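The values are calculated or read from the model by the stated rules, or taken from the named source; none is laboratory data. Please read all numbers here as calculations on a predicted model, not as lab measurements. Cβ placement follows ideal geometry from the backbone for every residue including glycine, while neighbour counts extend to all protein chains displayed.
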Amino acid sequence: MALTGRAGLVAALGIVVVLLAPVPGAAVAGVCLLLAAAIVVDLVFAGAVRPLRFHRSGDTLVRLGGRASVELIVENPGGRRVRGVLRDAWPPSAGAGPRLIPLDVPAGERRKVVVTLEPTRRGDRSSVAVTVRSVGPLGLAARQGTHRAPWSVRVLPPFLSRKHLPSRLTRLRELEGQHPALVRGQGTEFDSLREYVVGDDVRSIDWRATARRHDVVVRTWRPERDRRVLIVLDTGRTSAGRVGDAPVPLAGAVAQGGGLLPSSAPPSAARAVPGWPRLDWSMDAALLLAALAARAGDQVDFLAYDRSVRAWVSGASRTELLPSMVNAMAPIEAELVEADAQGMVAAVLSRARRRCLVVLLTDLNGAALDEGLMPVLPQLSSRHLVLVAGISDPRLAAMAAARGSAEEVYDAAAAEHARLERRRITARLRRHGVEVVDAPPDDIAPALADAYLALKAAGRL
Amino acid sequence: MSADLRPVAAPPAGGASASVSPTLRSTWRAGRVAALLGLVIVLAAALGVLLAPGQRESRYLDPDDTSLAGSKALAELLRARGVTVDRVDSAEAAAASAGGGDRLLLITDTVYVNEFRLAAVPGDKLVVGAVPGLEALAPGVRPLPGQPRERSREPRCDLPGVAAAGSAYVGGTAFAGPSGSTGCYPAGDGHALVTYEHDGGRVTVVGSGSFMTNQRLAEDGNAALALNLIGTGKPVTWLVRPQTPPVGELPGTRGESMYDLMPAGVGWAVLMGCLSVALVAFWRGRRLGPVVAERLPVVVRAAETVEGRGRLYRARRARERAAGALRAGTIDRLTPRLGLAPGAGGHEVVAALAARTGQDPHQVGSALYGPPPGDDAGLVALARYLDFIERQVSEL
């Protein structure tokens, strides 16, 4: 049961009655008895909550930053009207609203209420409970009950870098020769024969076929197809660090206007909004690369690994690759453990039998790579082409450029030290024959796509 | 989106719901053992309180108290010897029972009495302990600093009653008496018992009353000492601390208190107000549904380690390391721009830089490879100069 503010108000009015009454003791007893009787009557005549039935329908998938709506049908099989409020309890990061929904279901009927979810975080969000408070006819007291009406919404990565896809696809078409630039170069394989037209490179004339056909025939070329790309996502501790500015406010980004207090002062540099984890930026870049590679006719596999396999997508067809990848990525969070590079390399080697392009999305952290990846890298780079993509922190660049005071110069020295370390590890990786892409969070996805296109153009896949 | 995108934990078809609120029956089932246990505990406690002998708070040196700290035994001994013992708890009662002054006033506590009114009571006085107002009750006797331990002591004096009693459990406070007084039971620098004639009566002060309690009366010569001190044949007025401290009255204009002036309904109205506050508290306190907890990912900015390193540099004023890092960064960026191999030596870098920018080679050399700056201003200047060189190289 629950009381309403009206019950408190009636009791407060009782104070006046008691003050004015000739026999105050009896007046107190009378007011209390009357109030108790009214509350009991209210409870008895309020619509029953326990027999209510709930049915759900609506979205089960939503991109982060999008809005999902879940419909909840309240069925009242009881004999009395249920009037009051309903709360559909979701975890805070599901962004469910409105918090309280007014409800009025006559006896034997059903009503639909809609809950909108604006999630602030990737992953699966489930409704915990539905609570209904059914107020009695006098409005003094209410019956309250909680039901389980399970529903789950999966929040997918937003794939913000898809805006870069059209321009990269144009570049890809140029490579493929659908664009009229039929230049034979490295990284091309024989496609077909066709008649010579003016402007074709004379070097591509196939003399043998020309002799058979009594016509000048040229060979056409196209970039290699059906190569394999394996995207490996490091979900270890280094991917938990937040960089850049979150394009979609994540849970924990309090200063993004979601705080309880209206922010009067502009957020200072010290209390800057924590950005997105490296993991989310990496996912964004991985999705763009996967979309591009799938269009280019390559087979894309996806592996997420820290100390064990977190996700594994393999053999997906071109159309279902992206959906299955975002679905696999959705529940992954950065684990606060050191990634096991040896296990990761073993997992890659056991899964990729043929030579493929291994794209490792991790952080170019000197200490972590020195101890983890560097010793086992030769095993990987001897059989596969390895591309390491790291997300640099724009804050480091800002710190390294500050010259305002001695304190800032000390910070700049620390930032310079970190960048030097990063350049050192990058140089070491390149000496091992590993391609390295190092870009700030906003540029990592297009930079990685460009690196892939460059490799493809060079025929190194 | 294709079909395999359905969430793994798909809701059951139709979205069947189930009530999870406890029913009356389930509440009873879950709580009956606890309720029964609580009832048993309450019953046992009530029974224990009802059956236990009525034990009151023990009252120190009270002639009606039978506890260890009381003095009922001594009072009974005195009565058996035909001595009248009157228990009083105020100076007024003591003065009223004093009569002509042929009584002995036993003072055990003066916290709530006016000592001057008490001092005016005629007759003998026996003061127990260094009570407040001792200087008025026994003029000339002053308690000495330091508290000698209470223990069995020899009288070492020729006061008849005391000498006959022998060793007794005294101590607590040592006194220095006025001239003409007799001191017994030496303790510390003074005596634990001082007696002298004053204003037509005998005033005796003892350091503590332990020897008169029910606990100690049977030990040593305690009973003899107490009987000899008190049982001199005169009736005894025994002043104890009152059961409840006397309260000053707050009379209004016609002797009415504030409560008398208030309308009768106000108290009830306050009760009603408390009730309404309770109802409002219940209204606001009842939560609509459960609190939903969530496991949130850790929020840690990637730059935190670097900021920490910067603060360490700051705290230790590590100019050498800071300058080293800045120089290494500059050299690392300049080397490829100057067309030098990555491992180029210092002289080559300086020579190439000087040729490229037209700066003094000595100045460039000391900026890139010189000693670390001597103070923070030097460090800032160095950082700015390195920036300047880099800009020169990139602009040319």
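Output yes when any residue across segment A:86-93 is among the polar types (S, T, N, Q) and either in a loop (DSSP other than H, G, I, E, B) or modelled with pLDDT of 95 or more (or both), and no when none is. No, segment A:86-93 has no match at all.
Does A:Ala339 meet the test of being more than 25 Å from A:Ala293 (Cα to Cα), small (Gly, Ala, Ser), within 13 Å of chain B (Cβ to nearest Cβ) and surrounded by 20 or more Cβ atoms within 10 Å (Cβ to Cβ)?
Against the criterion (more than 25 Å from A:Ala293 (Cα to Cα), small (Gly, Ala, Ser), within 13 Å of chain B (Cβ to nearest Cβ) and surrounded by 20 or more Cβ atoms within 10 Å (Cβ to Cβ)), A:Ala339 does not qualify.
Summed over segment A:27-57, the residues that are away from every other protein chain (no Cβ under 12 Å), assigned to a loop (DSSP other than H, G, I, E, B) and hydrophobic (A, V, I, L, M, F, W, C) give a count of 1.
Conditions tested, residue by residue: (1) within 10 Å of chain B (Cβ to nearest Cβ); (2) surrounded by fewer than 20 Cβ atoms within 10 Å (Cβ to Cβ); (3) touching a helix residue (DSSP H, G or I) at 6+ places or on another chain (Cβ under 6 Å).
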{"site": "A:Ser126", "(1), (2), (3)": "yes, yes, no"}
{"site": "A:Ser134", "(1), (2), (3)": "no, no, no"}
{"site": "A:Leu140", "(1), (2), (3)": "yes, no, yes"}
{"site": "A:Ser152", "(1), (2), (3)": "yes, yes, no"}
{"site": "A:Pro157", "(1), (2), (3)": "no, no, yes"}
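Only a single item in (1) surrounded by 15 or more Cβ atoms within 10 Å (Cβ to Cβ); (2) part of a helix (DSSP H, G or I); (3) of a type outside the set (S, T, N, Q); (4) within 60 Å of the chain's Cα centre (by Cα) is not met by B:Ala377, and it is number (1).
If the condition is being in contact with a helix residue (DSSP H, G or I) (Cβ under 6 Å, 6 or more places away or on another chain) and basic (Lys, Arg), then segment A:3-23 contributes no residue at all. Restricting to segment A:110-146, count the residues that are touching a residue at least 60 places away in the same chain (Cβ under 8 Å) and within 30 Å of A:Leu9 (Cα to Cα). Of the residues in that region, 15 qualify.
A:Leu361 meets the conditions (1) outside any helix (DSSP H, G or I); (2) over 25 Å from A:Ala451 (Cβ atoms) in every case but one. The failed one is (2).
Residues in segment B:96-119 that are among the hydrophobic types (A, V, I, L, M, F, W, C), closer than 19 Å to B:Val131 by Cα and touching a strand residue (DSSP E or B) at 6+ places or on another chain (Cβ under 9 Å): B:Leu104, B:Leu105, B:Leu106, B:Ile107, B:Val113, B:Leu118, B:Ala119. Selection within segment A:233-259: residues that are at pLDDT 70 or above and among the polar types (S, T, N, Q). The member of this set that is surrounded by the fewest Cβ atoms within 10 Å (Cβ to Cβ) is A:Thr238. If the condition is being over 20 Å from B:Ser210 (Cα atoms) and touching a residue at least 12 places away in the same chain (Cβ under 8 Å), then segment B:74-87 contributes B:Arg81, B:Val83, B:Thr84, B:Asp86. Taken over segment B:267-306, residues that are outside any loop (DSSP other than H, G, I, E, B) and either more than 7 Å from every other protein chain (Cβ to nearest Cβ) or in contact with a strand residue (DSSP E or B) (Cβ under 7 Å, 6 or more places away or on another chain) (or both) amount to 15. I need the full set of residues from segment B:57-87 which are exposed (fewer than 13 other Cβ atoms within 10 Å of the Cβ) and under 32 Å from the mean Cα position of the chain (by Cα), in order please. Hits for segment B:57-87 are B:Glu57, B:Leu68.
Being within 10 Å of chain B (Cβ to nearest Cβ), at pLDDT below 95 and in contact with a Leu (Cβ under 7 Å, 6 or more places away or on another chain) is a condition met by at least one residue of segment A:109-124.
Every residue, every condition in (1) touching a Pro at 6+ places or on another chain (Cβ under 6 Å); (2) assigned to a loop (DSSP other than H, G, I, E, B); (3) of a type in the set (A, V, I, L, M), yes or no:
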site	(1), (2), (3)
A:Pro102	no, no, no
A:Lys112	no, no, no
A:Pro137	no, yes, no
A:Arg143	no, no, no
A:Pro150	yes, yes, no
A:Pro158	no, yes, no
A:Arg162	no, no, no
A:Glu174	no, no, no
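Scanning segment A:397-432 for residues that are within 7 Å of another protein chain (Cβ to nearest Cβ) and under 24 Å from A:Ala449 (Cβ atoms) yields one hit, A:Arg423.
Taken together, B:Arg317, B:Arg311, B:Arg384 contain a single residue that is at positive phi and at the interface with another protein chain (Cβ under 10 Å from one of its Cβ atoms), which is B:Arg317.
Yes/no matrix, rows are residues, columns are (1) without any contact (Cβ under 8 Å) to a residue 24 or more places away in the chain; (2) closer than 25 Å to A:Asp306 by Cβ:
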| position | (1), (2) |
| --- | --- |
| A:Gln379 | no, yes |
| A:Leu387 | no, yes |
| A:Ala402 | yes, no |
| A:Ala413 | yes, no |
| A:Ile425 | no, yes |
| A:His432 | no, yes |
| A:Asp443 | yes, no |
| A:Ala451 | no, yes |
| A:Leu461 | no, no |
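Once segment B:181-199 is narrowed to residues that are in contact (Cβ under 8 Å) with a residue 40 or more places away in the chain and in a strand (DSSP E or B), the residue that is nearest to B:Gly129 (Cα to Cα) is B:Ala192. Every condition in (1) under 30 Å from A:Val85 (Cα atoms); (2) among the basic types (Lys, Arg); (3) surrounded by 15 or more Cβ atoms within 10 Å (Cβ to Cβ) is met by B:Arg284 except one, and the failing one is (3). Looking at A:Ile425, A:Ile391, just one residue is in contact with a strand residue (DSSP E or B) (Cβ under 7 Å, 6 or more places away or on another chain), within 16 Å of A:Thr362 (Cα to Cα), buried (at least 17 other Cβ atoms within 10 Å of the Cβ) and not acidic (Asp, Glu), and that residue is A:Ile391. Scanning segment A:59-72 turns up no residue that is more than 9 Å from every other protein chain (Cβ to nearest Cβ), within 19 Å of A:Leu140 (Cβ to Cβ) and not in a loop (DSSP other than H, G, I, E, B). Please specify each residue of segment A:68-79 satisfying the condition of being surrounded by 18 or more Cβ atoms within 10 Å (Cβ to Cβ) and free of Cβ contacts under 8 Å to residues at least 60 places away in the same chain. The answer is A:Val74, A:Asn76. Checked against (1) modelled with pLDDT under 90; (2) under 24 Å from A:Ala418 (Cα atoms), B:Asp375 passes all but a single condition, namely (1).
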